[in-house]
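Below is one structure; the comments refer to it alone.
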């Protein structure tokens, strides 16, 4: 056996194995946001990043990604409404043939702007809520007016004929109101409802003790969601309830982003291209759309090739008969919890670090003093930027 | 037997959540909806390309018969597909 020979053969096999097309482009237009949600998916040190891409730079990204096969385009942030050129970006994207999604908090949106987006060709609006209850919503959003504004905007979105997704990030503070959340969504006429349990990266990881629900809370919420599904279906209501469980209560990890560099392409406000919107935290140098074409980024950059295939895996993943199913789980979670981005995702019961997940579950059961939540804002972000 | 010859006057329309289009990069018709996409196989794509809110089911069947004369009797396949498409809310009837 010649180990060099076999490595070469493996490398060749990997190079020849085709990866997917970037079907989904997430355009994080800005990190600016009027809200301060403590589970924001933006990086902790967002205040420390470079200048935002210009209108023309974004349009060039859209054109290149469309040529590569991208069909879905999400306008996200931060709060994408902050960009004054959003109408123009929507119009260009629609002209290129994208299905265009606006992912917004609704803060800063008006009936006039919703109509202008329609005119520009926007296909769908997703409005995020923090809770079904005004007080909890505003406490989590860090804003006193957020809830009423969101209700107003959700009604306007439907009145103007858009498909509407309502997104509730669920956690310890709101998951027990799941019935009221669902009823609010039905009342607002949502087409899809995402009841998405917090994913513990970035800001949410900092606030995990305050956010992770107990297993009993989660099971109750899932049972109630299932009951609503049946009742609503029986009533002939086509609303779809999508319940996303936190992987902290699983014994096998999720297949991160359906495979690293297989479907998703995120471009951040400063042009950094990522295989997943959390990946910026990893100690990998990611390419930037200002320096490289999307084609080169997707097919040839080290950042996008880093976790393609299974060469990078170590035990217990390498010899695991389930490795094709989950690819060792989430790289960011492995890095965040173990300090080693090549480790098995600790969610996996086979991982030697699985006790970290079990400790978090145990901590969710315990009473915690109401320690301050770390809100996602510029001031807190600069603290992370300095210490990072 | 001859149920198939009866005219089916129902007029399918695309569901309001969906956009139907040809994707050059995939060489396939797709249905796009909020944050998702269904890649359609060739026959599903051909059927949906004729769903325009004007043609009824029989007109769609006739158009496909003309386009694919060698394919034989398509009416049952078309009815079955439209049934599935309706369950998925891809189409509705006017």
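The conditions are (1) assigned to a helix (DSSP H, G or I); (2) in contact with a helix residue (DSSP H, G or I) (Cβ under 7 Å, 6 or more places away or on another chain); (3) within 14 Å of chain B (Cβ to nearest Cβ), and residue A:138 fails exactly one of them. Which is it?
(3)
Quick grid of which residues meet (1) out of contact with any helix residue (DSSP H, G or I) (no Cβ under 7 Å at 6 or more places or on another chain); (2) more than 15 Å from residue A:248 (Cα to Cα); (3) assigned to a helix (DSSP H, G or I):
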residue: A:273; (1), (2), (3): no, yes, no
residue: A:286; (1), (2), (3): no, yes, no
residue: A:310; (1), (2), (3): no, yes, no
residue: A:349; (1), (2), (3): yes, no, no
residue: A:356; (1), (2), (3): no, no, yes
residue: A:375; (1), (2), (3): yes, yes, no
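Within region A:223-258, can you find the residues that are more than 15 Å from the chain's Cα centre (by Cα) and part of a loop (DSSP other than H, G, I, E, B)?
Of everything in region A:223-258, those that are more than 15 Å from the chain's Cα centre (by Cα) and part of a loop (DSSP other than H, G, I, E, B) turn out to be A:235, A:236, A:237, A:238, A:239, A:250, A:251, A:252, A:253.
Is region A:108-119 home to any residue that is under 20 Å from the mean Cα position of the chain (by Cα) and in contact (Cβ under 8 Å) with a residue 40 or more places away in the chain?
Kept after step one, since they are under 20 Å from the mean Cα position of the chain (by Cα), are these residues of region A:108-119: none.
No, region A:108-119 contains no residue that is under 20 Å from the mean Cα position of the chain (by Cα) and in contact (Cβ under 8 Å) with a residue 40 or more places away in the chain.
Here is a list of conditions, (1) surrounded by fewer than 23 Cβ atoms within 10 Å (Cβ to Cβ); (2) farther than 16 Å from residue A:271 by Cβ; (3) within 13 Å of chain B (Cβ to nearest Cβ), and residue A:82 meets all of them except one; can you say which number that is?
Just one mismatch for residue A:82, condition (3).
Kindly list, by first and then second residue, each pair from a residue in region B:81-94 that is within 11 Å of chain A (Cβ to nearest Cβ) to a residue that is surrounded by 12 or more Cβ atoms within 10 Å (Cβ to Cβ), limited to pairs with Cβ atoms under 7 Å and residues at least 6 apart or on different chains.
Listed pairs, sorted by first residue: B:89/A:238; B:89/B:15; B:89/B:17; B:92/B:13; B:92/B:15; B:92/B:86.
If a residue must be more than 14 Å from chain B (Cβ to nearest Cβ) and in a strand (DSSP E or B), how many such residues does region A:141-164 contain?
Of the residues in that region, 0 qualify.
May I ask you to say which residue of A:146, A:204 is over 30 Å from residue A:253 (Cα atoms) and touching a helix residue (DSSP H, G or I) at 6+ places or on another chain (Cβ under 8 Å)? Give the derivation first.
Details: A:204 fails: over 30 Å from residue A:253 (Cα atoms).
Exactly one residue qualifies, and that residue is A:146.
Could you check how many residues of region B:20-32 are facing another protein chain (nearest Cβ under 7 Å) and either more than 18 Å from residue A:100 (Cα to Cα) or surrounded by 17 or more Cβ atoms within 10 Å (Cβ to Cβ) (or both)?
The total comes to 4.
Among the numbered conditions (1) away from chain A (no Cβ under 11 Å); (2) at pLDDT below 95; (3) outside any loop (DSSP other than H, G, I, E, B); (4) buried (at least 16 other Cβ atoms within 10 Å of the Cβ), tell me where residue B:8 comes up short.
Only one criterion is unmet by residue B:8, namely (3).
Is it the case that some residue within region A:281-295 is within 14 Å of chain B (Cβ to nearest Cβ), modelled with pLDDT of 95 or more and surrounded by 15 or more Cβ atoms within 10 Å (Cβ to Cβ)?
First, the residues of region A:281-295 that are within 14 Å of chain B (Cβ to nearest Cβ): A:294-295.
Going one step further and asking which of them are modelled with pLDDT of 95 or more, we end up with A:294-295.
Filter again for surrounded by 15 or more Cβ atoms within 10 Å (Cβ to Cβ), leaving A:294.
Scanning region A:281-295 turns up at least one residue that is within 14 Å of chain B (Cβ to nearest Cβ), modelled with pLDDT of 95 or more and surrounded by 15 or more Cβ atoms within 10 Å (Cβ to Cβ).
Scan region A:105-127 for residues that are more than 13 Å from every other protein chain (Cβ to nearest Cβ) and in contact with a strand residue (DSSP E or B) (Cβ under 6 Å, 6 or more places away or on another chain) and jot them down.
From region A:105-127, those more than 13 Å from every other protein chain (Cβ to nearest Cβ) are A:105-120; that's our starting set.
If the condition is that a residue be more than 13 Å from every other protein chain (Cβ to nearest Cβ) and in contact with a strand residue (DSSP E or B) (Cβ under 6 Å, 6 or more places away or on another chain), then A:105, A:106 are the ones that fit.
Quick one: count up the residues across region A:131-148 that are modelled with pLDDT of 80 or more and surrounded by 18 or more Cβ atoms within 10 Å (Cβ to Cβ).
Of the residues in region A:131-148, 3 are modelled with pLDDT of 80 or more and surrounded by 18 or more Cβ atoms within 10 Å (Cβ to Cβ).
Consider residue A:35 carefully, then state whether it is more than 14 Å from chain B (Cβ to nearest Cβ) and outside any loop (DSSP other than H, G, I, E, B). Show your work before the answer.
Working: more than 14 Å from chain B (Cβ to nearest Cβ): yes; outside any loop (DSSP other than H, G, I, E, B): no.
So residue A:35 does not fit the description; no.
Condition first: farther than 24 Å from residue A:239 by Cβ and assigned to a helix (DSSP H, G or I). Can you find one or more residues in region B:81-88 that meet it?
Yes, that holds for at least one residue.
Inspect all residues belonging to region B:78-90 and state whether any of them is under 30 Å from residue A:63 (Cβ atoms) and surrounded by fewer than 19 Cβ atoms within 10 Å (Cβ to Cβ).
Residues of region B:78-90 that are under 30 Å from residue A:63 (Cβ atoms), as a first pass: B:90.
Subset that is surrounded by fewer than 19 Cβ atoms within 10 Å (Cβ to Cβ): none.
No, there is no match, as no residue in region B:78-90 is under 30 Å from residue A:63 (Cβ atoms) and surrounded by fewer than 19 Cβ atoms within 10 Å (Cβ to Cβ).
So which residues in region A:49-79 are more than 10 Å from chain B (Cβ to nearest Cβ), assigned to a loop (DSSP other than H, G, I, E, B) and crowded, with 19+ Cβ neighbours inside 10 Å, if there are any at all?
Passing the criteria: A:52, A:53, A:77, A:78, A:79.
Considering only region B:38-59, state which residues are surrounded by 17 or more Cβ atoms within 10 Å (Cβ to Cβ), assigned to a helix (DSSP H, G or I) and over 8 Å from the mean Cα position of the chain (by Cα).
B:57, B:58
The values are calculated or read from the model by the stated rules, or taken from the named source; none is laboratory data. Remember, it's a predicted structure, so these values are computed and weren't measured experimentally. No Cβ is skipped: glycine too gets one built from the backbone with ideal geometry, and neighbour counts run over all protein chains shown.
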